[in-house]
Every structure is written in structure tokens, then in C-alpha cells.
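S.K.: Quick one: structure below, then a few questions.
The values are calculated or read from the model by the stated rules, or taken from the named source; none is laboratory data. Since the structure is predicted, the reported quantities are computational estimates derived from the model, not experimental observations. Every residue, glycine as well, gets a Cβ built from its backbone with ideal geometry; the counts of neighbours run over all protein chains shown. Just the protein is used for accessible areas: all its heavy atoms, side chains included, with ligands, DNA and RNA removed. Shrake-Rupley method; radii C 1.70, N 1.55, O 1.52, S 1.80 Å.
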Amino acid sequence: MELAYEPGFFVRNAWLIPFFPLLGALVTAIGARRLRGAAHLPVWAGIGLAFLVSLGTLASADHSAKYTVFEWLSAGNLEVPFQVRVDGLSTMMLSMVTFVSGLVAIFAAGYMHGDPSYPRFFALIGLFVTSMTGLVLSNNYLLTYVFWEGVGACSYLLIGFWYSRPSAAAAAMKAFLVNRVGDFGFAIAIFWLWSVSPGHDLSYDSIFAAAESGAIPTSAIAGISLLLFWGATAKSAQIPLYTWLPDAMEGPTPVSALIHAATMVTAGVYLLARSMPMVAMAPGVQALIAATGCATALLAAAIALTQNDLKRVMAYSTVSQLGYMFMALGSGVGDVAQLAVVAAMFHLFTHAFFKALLFLASGSVMHAMGDVIDMRRFRGLRHRLPITYLTFAVGALALAAFPPLSGFFSKDEVLGAISGAIHASESYSWVYQIVYWTALVTAFMTAFYTGRAFFMTFHGPEKLPSPNDPEAPPADAHAHAHAHDEGHHHEIGHESPPIMAIPLMILAGCTVLIGLICLVAWPITGGPAEWFAGHLEKTLGFEALGHGEHGFSWFTATLGTLLGVGGIALAYVMYAEPGPLPARMKERFGALYRASLNKFYVDEFYDATIVATVRISASISDFVDTYVVDRLITGIALIPRAIGRARLALYQNGLIQFYAASSALCVAFLLLFLVLLGLQRP
């Protein structure tokens, strides 16, 4: 083991964190027939044990430690050991991923009860957690890429879990293909890193040391950083590769919670945060990251304003909040690089809890409404679903950055990092000015669409889904109807059972608790997020980043809070009780409303350009293959067939005397030819 200090038990055995969920998944898969309705137990145990080890590493990792578990890949001058890294960034991620995933797995046991593929579902959940924790622990880019692909494969299988439904299969394929586009950029970055790194070493230590020492050219650093960002845009659903994430709602609700909160989409943010010692050396790329995050946050929030599918509102909210994290990561320039990493990862950390809460609460609503998720078909559920109502309210207020909940402090950290970049950046100050004010506008929109979803679902006169409802569309976009299709029925309008309600309460408690920790730690540490920043200081390469002045911005916090309260108040006025105001606003902003409702026709644009181009290319390729290549091969095959038809086979009769006579005749003709040739010479 290569350790700079004597590690504790948990640090030495951090490899057990991905191993335990993997073991649980294997036990569930192998014993599916015997386990049946208890198939969740091995996966619960695996994730639970992984969480305990993660907590141990969180408490005992006082330094950045790495060690080799076994020698993995050796080919020529490429040596890649299976090496794990335990530091502030990885231990924070591991604890969050295993904790949230464990609660989602508990919720899923109630939500998926009665599904005939119940064991397959939990086996895939175990593999998903294994892939994500392996990605976080990896100490080199190639091993990270292996688990990166594992996360993508598991998301494909879980989004398309109900594969017999065409919409689910299409959503899974869309997620798979869009992520392959981003993964291609990540793969090129790895090849480039291998070619420029001293000794072809792909470990984070070697890459960052080489970049800092100047061994890697500045142009290569910029290009590699851009490619890493390219890969992250797909995994973390940023423009232009964000369209797969809202469609991922076709999977079971626990899968949506897992993807949006603890796994998959956080991988891109984590990759850039881990690579920040190198990415911070490319200010142009940093400005591009911030601008892309800004545009994504604004676009996704604008789409979420008008969506009627509760889960789809939450999906676009995730895209928007990921945009905030990218805004923070892109603000890591000069003296404020550390602030950017802290802000991005702190928002990722808090977002995991309240977004998992919101998705699971949406699943609770869907479960109670007989798999209907269109908000126009139900209303006033606060009395029927009191636990879901209260927990959803906590998550909604945190998403709207209402003080003193966790979302308020993490959103302020992001805005503070952007504000710091305005003064720290020499060439792109104007970019960060635009990003800052756009982020504030997006905060208002976030509060409004969150309040709209909350009030439409839980307030006003009670209304339950009816098949004769004139407001109902022909078919709900996400009415998965897994319960009805598989024979599992429940009465509409009942609160979720304890196995689903308890995870909601725990996540709501964590959302409140994190905010209280920030509030209590403020006078002690000098800032609401200093306790979090202190933990991240144990991260590889973190000390090389600029510290900057980390002070709480009362102006930003006050302005952001006023905008948030204003958004909630406007949503209350428009949607708390049925009234004519929403219809008037639709009429006044008709074109904009329709554009937002139709997601600004981005999918249609992609279909008309990229997809159509690929289809035309495929048609041309099929034509060339059928009528050129196949015909050419068939034509060549006709030559020996024609020779065979010339009855030359008659001369192959097996008689030795015939062959001797033929040979003598050929020799005679050859001699005659030579004689005639000699007579013609002078």
C-alpha cells in the first residue's frame, strides 16, 4: 500500500464500499427464485454496510490517502493498478451516495411491491451503487472511465426497466446514445492525457503534478479540460446533451430519484471538481463551463414553468440545479478556485437530499393517485396525504432556497463563487457578470415553478383522478401503470405505507438538519459552509487552488431570498386556489407559453437536424450496401460460376492417360511456339 501516513481500519478497507453492494446484487441475482419478495434484503444489507464503511472513512480520513488493491491492467507501457483514493472529496461523496441510495432502496421496496421483475430491479440497484461508489474511489482516469461506463449501463437498464413499454425502451435508448456522445469526449481526453503525461501515468497525482510543473503544455491542458467538460455535459445533462434526463422519467420513480440525486448526474460534476487543479489552469474553458451552466439553468427553469407532469417538473429542476453547480465550477479562476469547488460540491451535497425527497414524494403522490402524475387531474391532497404534504413542503422550500434550509446556504455559496469570479477574472469578468444576474433571475423562476407544483398538487379543493376528467390528456406521459399491469391494486387517495413514508421523513429531517448545522456553525467557524470547506481541504490538489476571501454576502443572500419569496408568493396567488389568472397569463404570453410547454422544440430541432441526418446517412449506407457492395460481391462470384458453366469440369476426369496426353500436347505447342519465335529472329 502506498500511504503517506498510517491509516485507520476504514481507510485501509475503503474498497469494501463498492464491494458490498456488488455482493448484494450478485446474491439477489443468483437467488432470485428463492428470494422473490425478499430480494431487496441482500441489496439493503450491501448498501447499509457500504454506508457504515463510508461513515468510517468520513470520520477517519484526516489526510489524502491512496493505495493499490490489486494490479489490474498491464499492456506495454500502460500500467493501470486498481487503486483507490480516500480524501475529503471522495469520503463526502461516498457518504452521501450510500445514504441516499439506501433510503431510495427502502422506498423502492414498497413502491415496486408486486412487480414480477422485483429481484432484477434490486440487482440493478446494487450494481448502480457499485458503479457510482467505484467511480468516486478511483485514483486514475482510466479506472474512473470504467465505472463511468458502468453507471451509464445501469441507468440504461433501469430507465428501460419496463422494457415492454415502447416509451420506456425509447427513453433508455435515448439516454444511452446521448451519453455515448459525451463519453466519446471523455475517452479522447484519456488518450490525450496518456500521450502527454510523464511515464504515461494516468493517476490524478501524476497528472496534476505534471500540469503544475509545466510538463503538460498549456494548449494540451485547455484541450483536455474542454474534453472533460464535454464528457460531463452528457452525464450531468447540460446544453446541448441534456434532453435525455427529462425522458428518463419513464423509469420507476425510485430510479428517477437515484439518478437525479445520488448517482449518474452527479458524476459529471464530480469529475470536473476532481480535475479542478488542472481545469483551473484554463480560464477560457472555465468561462465556457460557467456560461453553459448558466444557459442550462435558465432554459430548464423556463421549461419547468409550464409542465403539468409533476415528475417532469422535478426533472427539469434537476437540470437547472446542475446548471448552478456548473456555474460554480466554471467560477474557479484565480484566487477563488477553492470557493468554486466548495460551492459546487456543497450544492451537490444539499441538492442530493432535497431532490431525492422531492422525487420520492412525487412517487408517493403517483402511488396514491393510481399512477396518475398529471397535476391537472388531482388537487388538494394535503389532507389525504399529510406526510407526503409536509415532507414535500420541506423539499420545495429548500429547492426555492428559503432560509434557513440547506438549499438557502448552498445557493448562496454558488452565487458567492460567481461574484468572486467577477473580480478575480481578468479577461472574462463580463461573462461572470451575466452569469451572476442570470442566476438570480433563475432563482426567482425556481421558486415559482416549485411553488406552482406544490400548490397545484396539495392546495385548493380536493380533486382525485377520474377517467372522465375533461382536463385529462388522452394518456398521461408517465402513467407507468406498473401496479395495474402487474395485478397490484390499491385504493386511490391513501397515504403511502410506512416503508415509503419513513424515507421521506428522514430525507426531510436531513434537509432541515443541514441548514441548522450551517446556522449553528456560522458564528463558530466564521461562515455557514466553513465546516464543509474544512473537510474538502483534505482533498488531493485542493491546497494548490486559490483560497480567496470567503465571506457571507448579505446583499446576495437578501436579494436571492427576496426573489425566492416573490416567486413563491406569485405561485400562491396564481395556483393556491382555482382562478382565472393562470388562463389569462397563458393567453397573454401565448407564444412563449406554448414554446415552454413544448420544451422550446429542442427535441424537434434535434430530430429535424441530427436525427434526420443520421437516418438519411443510414439510408444511403443501406442503399450502397445493398445495390453496390452486395452486387459487386455477387458479380465477382459469377466469374467462377461462368467458368464452371463452360464445361471445363469435363476435362477433370481422373484418367492418367488423358492428363499425360494433354501435357504432351501442351509441351508440343510450347516447343512449336519457341521454334517459330527463333525463326523470326535475324
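S.K.: May I ask you to derive the FRET efficiency for L519 and V441 from their Cβ-Cβ distance with R0 = 45 Å, giving the value to the nearest 0.05? Each step should come with its number before you reach the end.
M.R.: Working: r = 27 Å, r/R0 = 0.60.
My answer for the efficiency is 0.95.
S.K.: Need one value: the accessible area of H423 in square angstrom, 1.4 angstrom probe, rounded to the nearest 10.
M.R.: 150 Å²
S.K.: Kindly list the residues of the stretch 288-306 that lie in the label zone of T218, defined by a backbone N under 20 Å from the point 7 Å along the Cα-to-C-beta vector.
M.R.: From the stretch 288-306, the list is 288-289.
S.K.: Using the Kirkwood radius built from alpha carbon pairs, what does the Stokes-Einstein equation give as D for the stretch 148-245 at 25 °C and 0.890 mPa s, in µm² per second?
M.R.: Once the numbers are plugged in, D ends up at 166 µm²/s.
S.K.: Assuming a ≥ b ≥ c are the square roots of the Cα gyration tensor eigenvalues, decide whether the stretch 15-137 counts as rounded (a/c under 1.5), prolate (otherwise, with a/b larger than b/c) or oblate.
M.R.: Here the stretch 15-137 falls in the oblate category.
S.K.: Express in nm, to one decimal, how much length is gained between R180 and N598 on full extension, taking 0.36 nm for each residue of separation and deducting their alpha carbon distance. List each step's numbers first, then the result.
M.R.: Working: separation 418, 0.36 × 418 = 150.48 nm, distance 2.55 nm.
Roughly 147.9 nm would be gained on extension.
S.K.: Pulled fully out, how much extra length does the chain show between W72 and A583, if you take 0.36 nm times their separation in residues and subtract their Cα-Cα distance?
M.R.: That pair, W72 and A583, stretches by 177.8 nm at full extension.
S.K.: Work the Kirkwood hydrodynamic radius out for the stretch 365-414: mean of 1/r over every pair of different alpha-carbon atoms, inverted, in Å.
M.R.: 12.3 Å
S.K.: Using a 10 Å Cβ count of at most 14 others and DSSP loop calls, identify the longest part of the chain lacking such chymotrypsin sites (Phe, Trp or Tyr not before Pro).
M.R.: 164-588
S.K.: Further question: With everything on Cα atoms, drop me the angle between helix 141-159 and the longest principal axis of the chain, reported from 0 to 90° to the nearest 10.
M.R.: Relative to the chain, helix 141-159 is tipped by roughly 80 degrees.
S.K.: Where a Cα-Cα gap under 21 Å defines reach, which lysines qualify for K411, not counting those fewer than 8 residues away within the same chain?
M.R.: Once the sequence-local lysines are set aside, what remains near K411 is K355.
S.K.: When the Cα centres of the stretch 180-258 and the stretch 393-461 are compared, how far apart do they sit, in Å?
M.R.: 26 Å
S.K.: Nearest 10 degrees, 0 to 90: what angle lies between the long axis of helix 429-458 and the longest principal axis of the chain (Cα atoms)?
M.R.: Once rounded, one gets 70 degrees.
S.K.: How much length is gained on full extension from L52 to A591, taking 0.36 nm per residue of separation minus their Cα-Cα distance?
M.R.: Values: separation 539, 0.36 × 539 = 194.04 nm, distance 5.28 nm.
Once the chain is fully extended between L52 and A591, it gains 188.8 nm.
S.K.: Do me a favour and compute the ellipsoid semi-axes for the chain from its Cα gyration tensor, root of five times each eigenvalue, largest one first, whole Å. Please report the intermediate quantities before stating the final value.
M.R.: Working: eigenvalues 567, 231, 145 Å².
The answer is 53, 34, 27 Å, longest axis first.
S.K.: What angle, in degrees between 0 and 90 and rounded to the nearest 10, separates the Cα long axis of helix 498-525 from the longest principal axis of the Cα atoms of the chain?
M.R.: Value to nearest ten degrees: 70.
S.K.: Continuing with this model, one more query. Could you give the alpha-carbon Rg of the stretch 17-70 over 2.2 N^0.38 Å, rounded to two decimals?
M.R.: 1.43
S.K.: May I ask you to give the average projected area over all directions of the convex hull of the Cα atoms of the stretch 331-413, in nm² rounded to one decimal?
M.R.: 6.4 nm²
S.K.: Here's something else I'd like to know. From the Cα gyration tensor of the stretch 91-214, with a ≥ b ≥ c the square roots of its eigenvalues, which class applies: rounded if a/c is under 1.5, or else prolate if a/b is larger than b/c, or else oblate?
M.R.: It comes out oblate by the Cα gyration axes.
S.K.: So how exposed is D335, as accessible area in Å² (1.4 Å probe, rounded to 10)?
M.R.: 110 Å²
S.K.: What percentage of the solvent-accessible surface of the chain, computed with a 1.4 Å probe over protein heavy atoms, is contributed by carbon and sulfur atoms? Write out the running numbers ahead of the final one.
M.R.: Numbers: 19080 of 27840 Å².
The computed percentage sits at 69.
S.K.: A further question follows. To make sure I understand the rule: partners must be lysines, Cα under 22 Å from the Cα of K463, and not fewer than 8 residues away in the same chain. Which ones qualify?
M.R.: Straight-line reach from K463, under 22 Å: K311.
S.K.: Let me make sure I get this right: for the stretch 363-468, a, b and c are the square roots of the gyration tensor eigenvalues over alpha carbons, sorted descending. Under 1.5 in a/c it's rounded, otherwise prolate if a/b > b/c, else oblate. Which is it?
M.R.: prolate
S.K.: Between R33 and Y627, how many nm apart are label points set 7 Å from Cα along the C-beta direction?
M.R.: Label-label distance for R33 and Y627, simple model: 5.3 nm.
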